[in-house]
Amino acid sequence: MAKKISAEDAAGLVKSGMWLDYGAGLCQPDVFDKALAARLADLTNVKFRSCLTTRPRAVLEADPDGQHIFSLSWHFSGYDRKKHDGGRCTYVPLNLGEVPDYYRRFIDPVDIVILKVCPMDADGFFNFSAANLWHRAIIERAKMVIVEVTEGSPYVLGEQNGVHESEVDFIIDGDNQLAPELPNPPPTDVDRAVGRLITGEIDDGACLQIGIGGMPNAVCSSLLDSGVRNLGVHTEMLTDGIVELYKAGRVNGHAKTLNTGKITFTFGLGSRQLYETANRNADLLCCPVDYTNMPHNIMQNDRVIAINNTTQVDLQGQAASESDGNRHISGTGGQLQFVRGAYASKGGKSFICLSSTYDKRGERRSRIVFNLTGGNIVTTPRSDMMYVVTEYGIVNLKGKSVAERALALIGIAHPDFREGLERQAYEHRLIPRGVSF
């Protein structure tokens, strides 16, 4: 039977050399984190895994030189990125939907997992809120389970979206602060242009996966202005754009084969409106990530539309979505799995979108390049790429030769860079001379 203890006593259970797990998203603990930070001087070589850190970690702020604790992340937030730049965090490569299997097969049992959860319900379960992901798998393998109870997170209905009190060793009181919000910057003109292009490829009854970022959410805004109806959702992340479509009556899931009538997702981050909409809403189904993200599940719905961001595409069609050279900035997430699941879906389409240019140190540069930046990580291989979209157009790379791909991608690059890209392509024989395509 779970025992209630103070956060300080829970932190006292940590010993040097231990592996901790802080979970992901809204499940990351705050009160325990502060209590552990207060006694770091007594510890060495403690490591903890987490994902998409939404608030500063007290343990890292209390240990700027890394003498006591180190962080490993499954996907970087802006905060994780800063800690990585400072040598306090490293990335764990993955396909997000495989992470439960990593815990069950390849990762040694975690010494202590500490998860923020909703108050225990009538059936004895502590709900994970909008953060199902791989938490069940960690609990199965952890030597000790601690829950930090909060009234600040929404209670979200789903499959295996909680831990029973019989599986919990210790309970600590949380601070009940409201779930952290993820800012949604207004869409730019480029975002809106890309959104309109993708919306033109979406039919009634399609099933959406919307990735994180301004461009995918701009597609949702564009859909609100279109006549598209009866949409379904089977996604990794519940976003504000999806919630807006749902509240406008555009999403009903009637055409879905898998979880008909439900908005299926594995975690949500966004505004207060998102959390209020998710709270005890029977139209939503929060599932483990190895259910939402595996291509053989994704493909069971017809007309899957997968929409994801990238930061750079080369003329072969490789997408680098997670690093800037050797500097890691985000993560693979579920991009590749949804690209493959959408392709395998009957009538499915996958879209990788990007602005044609960006500014770096006052210099405008092209995101479509002859060669990827040295050290850049390929997130989606050329063999998997389908539609690529910039504000200048949309191209489908499936079935196209290297030469045809290069010409197509040059055609949607910013006009100021097309001549240089074409010259490089001819010089290096990506495009043969004397042949017309």
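Each reported figure results from applying straightforward, stated rules to the coordinates on display, with no laboratory input. Keep in mind the model is a prediction, meaning the values are calculated, not measured. Counting neighbours? That spans all protein chains shown, and the Cβs are built from the backbone with ideal geometry, glycine included.
Worth pointing out:
- Look at where the Cα atoms of the stretch 171-209 and of the stretch 11-80 average out, and the two centres are 28 Å apart.
- Here the dipole of the stretch 1-67 is about 240 debye; that uses its Cα centre as origin and unit charges on the Cβ of Lys and Arg (positive) and Asp and Glu (negative).
- Each residue, Ala282 and Lys398, gets one label point 7 Å from its Cα in the Cβ direction; the gap between the two is 3.8 nm.
- For Phe70, the residues 5 or more places off, or on other chains, whose built amide H falls under 5 Å of its own are Val46, Lys47, Phe48.
- The stretch 221-256 versus the stretch 101-115: alpha-carbon centroid distance in Å: 35
- A simple spin-label model places pseudo-atoms 7 Å from Cα toward Cβ; at Thr260 and Gln67 they are separated by 6.4 nm.
- Taking each DSSP H run with n ≥ 4 as -39500 (n - 2.57) and averaging over every residue of the chain yields -7000 deg cm²/dmol at 222 nm.
- A full extension of the chain between Thr373 and Lys143 corresponds to an added length of 78.5 nm, given 0.36 nm per residue minus the alpha carbon distance.
- Normalised by the number of residues in the chain, the mean separation of alpha-carbon contacts (under 8 Å, six or more apart) gives a relative contact order of 13 percent.
- Of the trypsin sites (Lys or Arg not before Pro) found in the stretch 317-376, those in coil by DSSP whose Cβ has at most 11 other Cβ atoms within 10 Å are Lys346, Arg361.
- Backbone amide hydrogens, once placed in the peptide plane, bring Ile305 within less than 5 Å of Cys207, Leu208, Gln209, Lys349, excluding anything fewer than 5 places away on its chain.
- Dipole axis of the stretch 286-437 (+1 Lys, Arg; -1 Asp, Glu on Cβ), positive-most option in Pro415, Cys353, Asn396: Asn396
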